[in-house]
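Enquirer: Below you will find the structure I want to go over with you.
The values are calculated or read from the model by the stated rules, or taken from the named source; none is laboratory data. If you're wondering where the values come from, they're calculated on a predicted model, not measured in any experiment. All Cβ positions, glycine included, derive from the backbone under ideal geometry; neighbour counts span all protein chains shown.
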Amino acid sequence: MNQLKTLLIDLDDTVYPTSNDVWPYLCDRIDRYMRDIVKIPADQIVETRERLLLQYGSTMRGLMIEYGADMHDYLRYVHDVDISDYLREDPELRQALLSLPQQKWIFTNASQAHAEQVLRLLGIRDLFEGIIDVVDTHPWCKPQTPAFEKAIVKANNLNPAETLFIDDRVSNLDTAKALGMHTLQILGVEAVSIHPAIEKLSNLPAFIASMEN
C-alpha cells in the first residue's frame, strides 16, 4: 500500500455519532424550507425530499434543479442555525486525530459555516487543513464524480492512492473507491457494506494501524 498522506473526512454523522440528533434537527429545517419558501405541499415534502436526495445527491441540488431554489438562500436557512444543544467537545476524538500525522480535510455536502460550527463545538477545528463544502463543488455534490474531482484539486491536488476517504454513506464511498481512494465507512446511517467500517471516528488510529500491518 502507498503511504497514507491525506484523510478526506465527511462531516455530518461522521465526525459525530448519528445519536447526537443533529441531522433530524437540520432535516426539520429542510422540510420547513421546502414548505415555506419553495411552497411544496406539506403532504408531499418527505417523499420529495427523499427522492431528491437519491436522484441528485443532495436535497439542495434537487431543489435548485427542479424548483429553481437559490443555493445561498437554502444554506442560510437550513445551516445557519445554532446546534450547540446537540454537540460538545470530544476529547477522545481530538486525541485520536492528534495522533495521526496525515493531512486532514473535511469534505461535506453542507456549508462552510455549518462545518466550522460543528468542528468548533467538537473542539477539533484546528486539526483540519481546510473544509471543502458544497459551494466549492458546485454545481456538483457527493456522490457525483465531478464533486470529488473538485475536492481533489482543492485539497492540494491530493493523490487518491495515498488518501483515505471516510463517510457514512455507501454511495459516496463507492465513488471514492472508483477514483482509487482507500475507503472507510462510519456505521450509523447505513448498514455494513463492502467497505471497511468502524463505529466511530475516534477508532480511526487503530484502523489505520491495521491497514499498515
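Enquirer: Of everything in the range 65-110, what is under 18 Å from residue 129 (Cβ atoms), free of Cβ contacts under 8 Å to residues at least 60 places away in the same chain and surrounded by 14 or more Cβ atoms within 10 Å (Cβ to Cβ)? Give them in sequence order.
Expert: The answer is 94, and nothing else.
Enquirer: Among (1) farther than 23 Å from residue 184 by Cα; (2) in a helix (DSSP H, G or I); (3) in contact with an Asp or Glu (Cβ under 7 Å, 6 or more places away or on another chain); (4) in contact (Cβ under 8 Å) with a residue 60 or more places away in the chain, where does residue 115 come up short?
Expert: Only one criterion is unmet by residue 115, namely (1).
Enquirer: When the residues of the range 112-136 are narrowed to those that are over 23 Å from residue 96 (Cα atoms) and surrounded by fewer than 23 Cβ atoms within 10 Å (Cβ to Cβ), which ends up nearest to the chain's Cα centre (by Cα)?
Expert: Among them, the one singled out is 112.
Enquirer: Still on this structure, I have one more. Could you tell me whether the range 188-206 includes any residue that is modelled with pLDDT of 95 or more, among the aliphatic types (A, V, I, L, M) and either within 18 Å of residue 149 (Cβ to Cβ) or not assigned by TED's automatic domain parsing to the domain that holds residue 99 (or both)?
Expert: No, the range 188-206 contains no residue that is modelled with pLDDT of 95 or more, among the aliphatic types (A, V, I, L, M) and either within 18 Å of residue 149 (Cβ to Cβ) or not assigned by TED's automatic domain parsing to the domain that holds residue 99 (or both).
Enquirer: Does the range 30-44 contain any residue that is surrounded by fewer than 21 Cβ atoms within 10 Å (Cβ to Cβ), under 30 Å from residue 156 (Cα atoms) and not hydroxyl-bearing (Ser, Thr, Tyr)?
Expert: There is no residue in the range 30-44 that is surrounded by fewer than 21 Cβ atoms within 10 Å (Cβ to Cβ), under 30 Å from residue 156 (Cα atoms) and not hydroxyl-bearing (Ser, Thr, Tyr).
Enquirer: Another question about this same structure. Considering each residue of the range 169-187, count those that are part of a loop (DSSP other than H, G, I, E, B), at pLDDT 95 or above and on the phi < 0 side of the Ramachandran plot, and give that number.
Expert: Total meeting the criteria: 2.
Enquirer: Among the listed residues 70, 80, which satisfies the condition of being among the charged types (D, E, K, R), on the phi < 0 side of the Ramachandran plot and at pLDDT 95 or above? Steps first, answer last, please.
Expert: Working: 80 fails: at pLDDT 95 or above.
So the residue among 70, 80 that is among the charged types (D, E, K, R), on the phi < 0 side of the Ramachandran plot and at pLDDT 95 or above is 70.
Enquirer: Among the listed residues 173, 184, 201, 158, which satisfies the condition of being within 14 Å of the chain's Cα centre (by Cα) and under 11 Å from residue 7 (Cα atoms)?
Expert: 184
Enquirer: Just to be sure, is residue 210 assigned to a loop (DSSP other than H, G, I, E, B), surrounded by fewer than 16 Cβ atoms within 10 Å (Cβ to Cβ) and either modelled with pLDDT under 95 or in contact with an Asp or Glu (Cβ under 9 Å, 6 or more places away or on another chain) (or both)? So that I can check it myself, show each step before the final result.
Expert: Numbers: assigned to a loop (DSSP other than H, G, I, E, B): no; surrounded by fewer than 16 Cβ atoms within 10 Å (Cβ to Cβ): yes; either modelled with pLDDT under 95 or in contact with an Asp or Glu (Cβ under 9 Å, 6 or more places away or on another chain) (or both): yes.
When the stated conditions are applied, residue 210 does not pass them.
Enquirer: Then there is this: Take residue 150 and tell me if it is charged (D, E, K, R), touching a strand residue (DSSP E or B) at 6+ places or on another chain (Cβ under 8 Å), in the same structural domain as residue 114 (by TED's automatic domain parsing) and over 20 Å from residue 195 (Cβ atoms). Walk me through it before giving the result.
Expert: Numbers: charged (D, E, K, R): yes; touching a strand residue (DSSP E or B) at 6+ places or on another chain (Cβ under 8 Å): yes; in the same structural domain as residue 114 (by TED's automatic domain parsing): yes; over 20 Å from residue 195 (Cβ atoms): yes.
Considered against the rule, which asks whether it is charged (D, E, K, R), touching a strand residue (DSSP E or B) at 6+ places or on another chain (Cβ under 8 Å), in the same structural domain as residue 114 (by TED's automatic domain parsing) and over 20 Å from residue 195 (Cβ atoms), residue 150 comes out as yes.
Enquirer: May I pose another question? Residue 142 versus (1) of a type in the set (Lys, Arg); (2) surrounded by 20 or more Cβ atoms within 10 Å (Cβ to Cβ); (3) in contact with a Ser or Thr (Cβ under 6 Å, 6 or more places away or on another chain): which is the lone unmet condition?
Expert: Answer for residue 142: the failing condition is (3).
Enquirer: List pairs: first residue in the range 49-64 and buried (at least 22 other Cβ atoms within 10 Å of the Cβ), second residue acidic (Asp, Glu) anywhere in the structure, Cβ distance under 9 angstrom, at least six positions apart or on different chains.
Expert: 52/66; 59/50
Enquirer: So, one more: Among the residues of the range 137-157, which ones are basic (Lys, Arg), part of a helix (DSSP H, G or I) and farther than 22 Å from residue 100 by Cα?
Expert: 150 - this is the single residue of the range 137-157 that is basic (Lys, Arg), part of a helix (DSSP H, G or I) and farther than 22 Å from residue 100 by Cα.
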